[in-house]
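**Student:** Here's a structure for you.
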Amino acid sequence: MTERKDQEPTDAPLILCVEDEAELLNDLEEELEEAGYRTISTLDGVSALAALDEATPDLILCDISMPGLTGYDVLRAVRGGRPELADTPFVFLTALADRGEIVEGKKAGADDYLVKPIDFDLMLATIEARLREVERMRENRTAKGADGLHSAFVQAFDLLGFGTVLIGERCEVIFANRAARHIAEQKDGIRIDRRIQAEDGLDDRKVGEMLGDLQKAAAPAPSTASLSLPRPSGKHDYLLVASKVASAQGAPVTALFIIDPDQPLGIPHAILSELFKLTPTETEVALALAKGMRTSEIAAELAIAPTTVSFHLKNLFEKTGTNRQADLIALILSCPISTGRAELLL
């Protein structure tokens, strides 16, 4: 990995370039730096992912055909496991102008394509346009603060790797974070429009009843509920966990968390461990539970006995002050936000 930024202001946008042709990579660096950007450059996908552990780029330029990890592999890793890069534009560099390649990349989350040989004027125009688009998105989020959501709260939710939907007293959707919108775009059992819906009629009734009952329930009734939602694709069921929260105006609001067991949660181990004084194994059990795993699955995943998992669950209930799995999961999922400074202004 090489980083070249000495000649550029420290606040200049940072571009990650991933290209296995050294000569082209050098040309990309020179063109970008001459245009005022900072660059980080790698010759393969593995090095690119390692670079993302050290820096957060404003845009990623990535070749498709590379030995080892391909550009698609890098894209899937970024979109699936790097929630902090959710808004980062991802632009493919490719010698392939085939429509099927473009469609595959778009489905995986690519924002744009540049066909080799690279037209550098077009490249710079594309980068400028994508960075402006990201800035407009951030400005729009800030503007939403006047409509009831503090901008920092919105940004905090968008960093999470699991779907989060805020639901009003009439079961209407108030806000859906980026992960939730991505789940809906998959059209694999769940839709998010004016309200959240399951594609299957029976499952949709179950979701509606869960949310309705939770909204109407008065203290000391449980403030959380959960259910598994099957997916037409046959992939692991979604886990839906709903938690009733109070708004500033007192109107009932429900936070609905949508967990895809195949995707990382994006919850730092350190936050969970420090907040509840958990041991490393208790932290692993808690995160596995939040992903919808059963006791037997957790035992197999961590290579421990089911009775040991039950022992750790008992400790988790005691340390978190909960007594139901739904309450424990809701508490775990809310940790990244409750430990920050974001504020809900509904």
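The values are calculated or read from the model by the stated rules, or taken from the named source; none is laboratory data. Because the structure is a prediction, the values reported are computed rather than measured. Neighbour counts run over all protein chains shown; Cβ positions are idealised from the backbone, glycine included. When the accessible area is computed, the model is the full protein with side chains, heavy atoms only, and any ligands, DNA or RNA have been set aside. Shrake-Rupley method; radii C 1.70, N 1.55, O 1.52, S 1.80 Å.
**Student:** Which whole-Hz ³J(HN,Hα) couplings does the range 66-80 yield from phi under the Karplus relation 6.51 cos²θ - 1.76 cosθ + 1.60, θ = phi - 60°, glycine and proline marked x?
**Tutor:** After applying 6.51 cos²θ - 1.76 cosθ + 1.60, I find 9, x, x, 6, 7, x, 5, 5, 4, 4, 4, 5, 5, 6, x Hz.
**Student:** Additional query: Quick one: which of 12-21, 118-127, 190-199 comes out on top by average Cβ neighbours within 10 Å, and what's the full order, highest first?
**Tutor:** 12-21, 190-199, 118-127
**Student:** Quick query: amide H of Val245 versus all other amide H atoms, modeled in the peptide plane; which residues come in under 5 Å with a sequence gap of 5 or more or a different chain?
**Tutor:** For Val245, whose amide H was placed from the backbone, the distant partners under 5 Å are Val253, Thr254, Ala255.
**Student:** Round to a whole number: what % of the accessible area of the range 174-244 belongs to carbon and sulfur, probe 1.4 Å?
**Tutor:** After summing per-atom areas, the C and S share lands at 49 percent.
**Student:** Once phi is turned into ³J(HN,Hα) by the Karplus curve 6.51 cos²θ - 1.76 cosθ + 1.60 with θ = phi - 60°, what whole-Hz value does each residue of the range 113-125 show in order, with x for glycine and proline?
**Tutor:** Coupling constants for the range 113-125: 10, 10, 8, 6, x, 5, 7, 5, 5, 5, 4, 5, 5 Hz.
**Student:** Sort 266-272, 89-95 by the packing proxy (mean of other Cβ within 10 Å over each peptide's residues), most packed first. Walk me through the numbers on the way to the answer.
**Tutor:** On the way: 266-272: 15.6, 89-95: 20.3.
Sorting 266-272, 89-95 by mean packing, highest first, produces 89-95, 266-272.
**Student:** Per residue of the range 231-243, what does 6.51 cos²θ - 1.76 cosθ + 1.60 with θ = phi - 60° give for ³J(HN,Hα)? Whole Hz please, x for Gly and Pro, Karplus curve as stated.
**Tutor:** 10, x, 5, x, 5, 3, 4, 5, 9, 9, 10, 10, 9
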